[in-house]
1. Restricting to the stretch 233-254, name every residue that is part of a helix (DSSP H, G or I) and either modelled with pLDDT under 95 or within 14 Å of LYS185 (Cβ to Cβ) (or both).
2. Show the residue pairs that are 6+ apart or on different chains and have beta-carbon atoms under 7 Å apart, the first residue being within the stretch 7-33 and within 19 Å of ASP232 (Cα to Cα) and of a type in the set (Val, Ile, Thr), the second being modelled with pLDDT of 95 or more and crowded, with 16+ Cβ neighbours inside 10 Å.
3. So, in the stretch 272-301, of the ones that are in a loop (DSSP other than H, G, I, E, B) and more than 30 Å from ILE182 (Cβ to Cβ), which residue ends up modelled with the highest pLDDT?
4. Restricting attention to the stretch 56-78, which residues are part of a helix (DSSP H, G or I) and either surrounded by 19 or more Cβ atoms within 10 Å (Cβ to Cβ) or of a type in the set (Phe, Trp, Tyr) (or both)?
5. Residues MET44, MET120: which one is more than 22 Å from TRP253 (Cβ to Cβ) and in contact (Cβ under 8 Å) with a residue 60 or more places away in the chain?
6. Can you list the helices (runs of 4 or more DSSP H) lying wholly within the stretch 109-221 that have 1 or more residues being over 25 Å from THR237 (Cα atoms)?
7. Of everything in the stretch 2-44, what is surrounded by 14 or more Cβ atoms within 10 Å (Cβ to Cβ) and touching a Ser or Thr at 6+ places or on another chain (Cβ under 9 Å)? Give them in sequence order.
8. List, please: which pairs have Cβ atoms under 8 Å, are six or more places apart or on different chains, and start with a residue in the stretch 85-114 that is closer than 17 Å to ALA54 by Cβ and end with one that is in a loop (DSSP other than H, G, I, E, B) and hydrophobic (A, V, I, L, M, F, W, C)?
Amino acid sequence: MEPEKIRAILPRYRVEDGTHYHQADHDPADMGGLSLRKKAGREMLRGSVQRLAALQQKLEANGSWAMLAVLQATDAGGKDSTIKHVMSGVNPQGVEVTSFKQPGVVELSHDFLWRAHLHMPQRGKIGIFNRSYYEEVLVTKVHPDILDNEHLPERHRGPQFWAHRYEDIRNFETYLARQGFIVLKFHLHVSREKQRQRFLNRLNRPEKIWKFSESDIHEREYWDEYQRAYHDAIANTARPEAPWYVVPGDRKWFARLVVIEAMIEALEGLKLEEPAPKPEIKKSLEKFRSILEKEGRKSDQ
């Protein structure tokens, strides 16, 4: 199956206007009607990885644009493995991956977008956020007591608090887009049953037990609250300049295809070409070639 068939169904997962967004309309097991098998999907991914790598080289050569891909999911949503597989063929020097853990003392003494701005990718690179500033409208919304650690003035914790946070995020992403950053946000949307199965898999495999923590079970008790928080985040921050992709996450291999094809589509849309050599270089190409060829002949003697 050609990658174009995955590309053709991307619009069903893309959310540019959250006004009418409803998370219940998105099935974590949806494949857009494609009869694609896991083996064929893995083969397709290998080809897509090569295409992404070539596009990243053009991105770096151009030096004007950058891409930020934000990955959000509940625990066991497949963020780590998606990053591993999607970026497996890209030059490591062209990728910056940041995993956002629980903020520390220094981070809590700044505004909630501070650490995100610190880790924005350089122009010419692809930045991957494994979790992100969206935790501030997901985890903190489910557990608002966390806000007590953020040293916020009491007058700014009123009824409009969450509306203001969504507005701040929208403004931040609009600013990034105006600076030449392609902002793509992926919600790896998994079902409660699939999360249960993945947790059991971690517990039953010695090499994966390290990924399991007591908090996984604790947070699972707030499943419905997290679903509402994700709905609200996407509904309030989906914009054409920073779209969300609600990626069916129950099949990891299919989720990876959706993520990588969305990234490829965005980069191809830039229509980037390798820059032409500088006039002084172009003018002296034969001279430089002659110098290097003579040097080679000397070394062969």
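1. Those that are part of a helix (DSSP H, G or I) and either modelled with pLDDT under 95 or within 14 Å of LYS185 (Cβ to Cβ) (or both): ALA233, ILE234, ALA235, ASN236, THR237.
2. Within 7 Å, the pairs are VAL15/TYR21; VAL15/ILE234; VAL15/ALA238; VAL15/PRO243; VAL15/TRP244; VAL15/VAL246.
3. SER284
4. The answer is GLN56, LEU59, GLU60.
5. Answer to the selection: MET120.
6. It comes to 192-204, 214-220.
7. PRO3, ILE6, GLY18, PRO28, ALA29
8. Close Cβ pairs (under 8 Å, with a partner that is in a loop (DSSP other than H, G, I, E, B) and hydrophobic (A, V, I, L, M, F, W, C)) amount to VAL95/MET87.
The values are calculated or read from the model by the stated rules, or taken from the named source; none is laboratory data. Remember, it's a predicted structure, so these values are computed and weren't measured experimentally. Neighbour counts run over all protein chains shown; Cβ positions are idealised from the backbone, glycine included.
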